[in-house]
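Asker: Just dropping this structure here.
The values are calculated or read from the model by the stated rules, or taken from the named source; none is laboratory data. These figures come from a predicted structure and were not determined experimentally. Counting neighbours? That spans all protein chains shown, and the Cβs are built from the backbone with ideal geometry, glycine included. The protein model used for the area step is the full one, side chains on, heavy atoms only, and it has no ligands, DNA or RNA in it. Shrake-Rupley method; radii C 1.70, N 1.55, O 1.52, S 1.80 Å.
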Amino acid sequence: MSNQIQFAHYLNTMGIQLWKERLSPELQTATVELTESGMTESPSSIPTSTPQMTAEIEQPVAQPKVDWVDLETKVNQCTACELHKTRKQAVFGVGDRQATWMIIGEAPGADEDSQGEPFVGRAGKLLNAMLYALKLPRENVYIANILKCRPPDNRTPSQEEMVQCSPFLKQQIKLIQPKIILALGSVAAHYLLATDTPIGKLRGQTFTYSDTNIPVVVTYHPAYLLRRPTEKRKSWQDLQLATQVLTHQPS
Ligand code: URA
């Protein structure tokens, strides 16, 4: 599949139709082909990067390795709450430690608990597609969760668990200094913004994280989008908002 056709596939996965008229003839053909073939989601065929896109990534500058190593060790060895007893492993976070975009979810699920990486299950495949629709390979962002360990049966994290675990995330944000945070779902949004306003009202606005100037944009959790695909359009609007916020940020 050519890059352009792959891109059309991602837009299609996101349920984005409104882009059609802006697509090149090749993309239009590809989108029609994908729609007609009934393909709405194809996790296994979604790569996490493309050679062309990653080839342009600048060489990383020296990083404060000691802090990261120390932090990761602390997360892996953490026994602060009961979740350490039922986890297979802690899920630290993944991606570019100098990323512009930081994506924050709720907590690891079963796939993440097994593989030790956030967003690797079905929701993760959709997240990859969402990012790709923004021309952002997964490797170019940093992905983490509020909780580093899986709550049994994927139950919602308790307030106590979030309070105990969130210093790790706070430290990750401090080390990365992202230019934008995308909060996925109400649990992440509520915790990061210290609010209980319904997610539908948080969308479409820009907030800042804690006492920093880092902008936060809220969108639906990909797992929710899998259950309610008609909401993908709103999520796409949120991603566009985040892109605009980033474009208008002073450098
Ligand atoms: N859902 C989340 O919020 N995080 C993950 O890592 C996976 C699913």
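Asker: When the gyration tensor of region 111-251 is built from Cα positions, what are the square roots of 5 times its three eigenvalues, in whole Å, from largest to smallest?
Answerer: Details: eigenvalues 88, 72, 50 Å².
Taking √(5λ) for each Cα gyration eigenvalue gives 21, 19, 16 Å.
Asker: When only DSSP loop residues count, what trypsin sites (Lys or Arg not before Pro) in region 111-156 have their Cβ near at most 14 other Cβ atoms within 10 Å?
Answerer: Here the sparse-neighbourhood loop sites are Lys135, Arg155.
Asker: Further question: Size of region 179-233 along its principal axes in angstrom, Cα-based, largest extent first?
Answerer: That gives 34, 23, 16 Å along the principal axes, largest extent first.
Asker: Another question, then. Kindly report, to the nearest 10 Å², the accessible surface of Thr156 as traced by a 1.4 Å probe over protein heavy atoms only.
Answerer: 90 Å²
Asker: Okay, next question. Which entries in Lys88/Lys170; Lys170/Lys232; Lys148/Lys174 show an alpha-carbon gap greater than 25 Å? Don't skip to the answer; put the middle values down first.
Answerer: Values: Lys88/Lys170 23 Å; Lys170/Lys232 29 Å; Lys148/Lys174 17 Å.
Checking Cα-Cα distances, Lys170/Lys232 exceed 25 Å.
Asker: Return the inverse of the average 1/r over all pairs of distinct C-alpha atoms in region 74-155, which is the Kirkwood hydrodynamic radius, in Å to one decimal.
Answerer: On the way: mean 1/r = 0.0772 Å⁻¹.
Roughly 13.0 Å, rounded to one decimal.
Asker: Could I ask something else about it? When the Karplus curve 6.51 cos²θ - 1.76 cosθ + 1.60 is applied with θ = phi - 60°, which whole-Hz ³J(HN,Hα) does each residue of region 130-141 get, with x for Gly and Pro?
Answerer: Computed from phi, the couplings for region 130-141 are 4, 5, 5, 4, 8, 6, 10, x, 3, 5, 8, 10 Hz.
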